Amino acid sequence: SYVAFWKDAAMRCQQSVLKLFLLSLQPPLLHHLQSADRPAVRGVSVRMSTQRGDATLPAVSTLPSREKIDAHVVALYRFAVKGLASDTLQHVHLGHGDTFPYDRRWAMLYAKKNSTFDPQRPEWVHKENFLCAFTANELLGSFVTSFDDSTQQLTVRKRAQPDAQPLLQASLVEGDGRARVGAFFSEVSGAELRVVSSTSRPHQFGNTRAGVSASGDTRTIHIVNQNTVAAVSARAGVPLDASRFRANVVLGGALPAWREFEWVGRTVRLGSVTLRVLSRTVRCEGVNVAASGGAGGG
């Protein structure tokens, strides 16, 4: 199951309102409201962590039935460049209107599709316009990449040689660095590319228009239920890992398989966070390649 959050902040009735949209293999979108008994606050923060003690969510409940389900965060992932490998995070602070830090902030746009994206007026663009998991899953799956928040540098290695010297190290916040990344992937893909990002406002090169449709904001946080993936794996007779679905948050524990599909149109509480599920998303060719590289299992 593939789920995504979109969030923004607003002030209503003297309360600070934090919106998150939870999307699911086809996703739920969630709306998060701060508790009504708390004063209005600017810069509301939600913390998720995979460390013991922080990882267990007190309860997952659907309202108004108040059904409680013990669940926990299994993993947190960030994809700095759309279509490239994830970075595993130990914790994430979600501030006022944020998504995961640097998540899908950059993308590799086909030069022939240059007119589809304006960095000064960024809009949602379909993934067919980019070199990404949808258009080149096997190729991109053959590389291991990582992004360093402190240096804002992307490192690229061959997946078959993860301990070898990097094929490329370049800054994504400098024009020369982005040009080098574009040149590298242009050469290996055989298509002219340029690395793009917004220069005017926060923007995410997301999988679907769900955030835009709900609020006009492209930013989402995607969530997968590990137990739903396990159910699909058992039925298909193919070993599958939740990371295949390129989520930001993987939930596990006692959350039943497929239960998140019932959240559409309902309100869900994750610990102290309350969310309204809006819709589900679709999947693409990207899931045909395991996060560990190559097609098939894993």
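The values are calculated or read from the model by the stated rules, or taken from the named source; none is laboratory data. Only a predicted model underlies this, so the values are computations on that prediction, with no experimental measurement involved. Here Cβ is always computed from backbone atoms with ideal geometry, including for glycine, and neighbour counts include all displayed protein chains. Surface accessibility is based on the protein's heavy atoms, side chains included, excluding ligands, DNA and RNA. Shrake-Rupley method; radii C 1.70, N 1.55, O 1.52, S 1.80 Å.
General observations
- Scanning residues 5 or more positions from Ile69 or on other chains, those with amide H under 5 Å from its amide H are Val60, Ser61, with H placed 1.01 Å from N in the peptide plane.
- Under 5 Å between amide hydrogens, built in the peptide plane, is the criterion, and for Val249 it picks out Tyr77, His222, Ile223, Val224 among residues at least 5 positions away or on other chains.
- Length released on extending from Lys68 to Glu174, taking residue separation times 0.36 nm less the Cα-Cα span: 33.4 nm
- Amide hydrogen neighbours beyond the local backbone of Lys158, cut-off 5 Å, H modeled: Val144, Leu167
- Modelled spin-label separation between Glu285 and Asp163, with each label point placed 7 Å from Cα along the Cα-to-Cβ direction: 3.4 nm.
- With a Förster radius of 51 Å applied to the C-beta separation of Ser233 and Thr151, the computed FRET efficiency comes to 0.85.
- Once the Cα-Cα distance is subtracted from the 0.36 nm per residue extended length, the Asn114 to Thr88 segment shows a gain of 6.2 nm.
- Using θ = phi - 60° and Karplus 6.51 cos²θ - 1.76 cosθ + 1.60, couplings along segment 202-213 (whole Hz; Gly, Pro as x): x, 8, 10, 7, x, 6, 9, 8, 3, x, 5, 5
- Of the residues Lys68, Lys127, ranked by 1.4 Å probe accessible area with the largest first, the sequence reads Lys68, Lys127.
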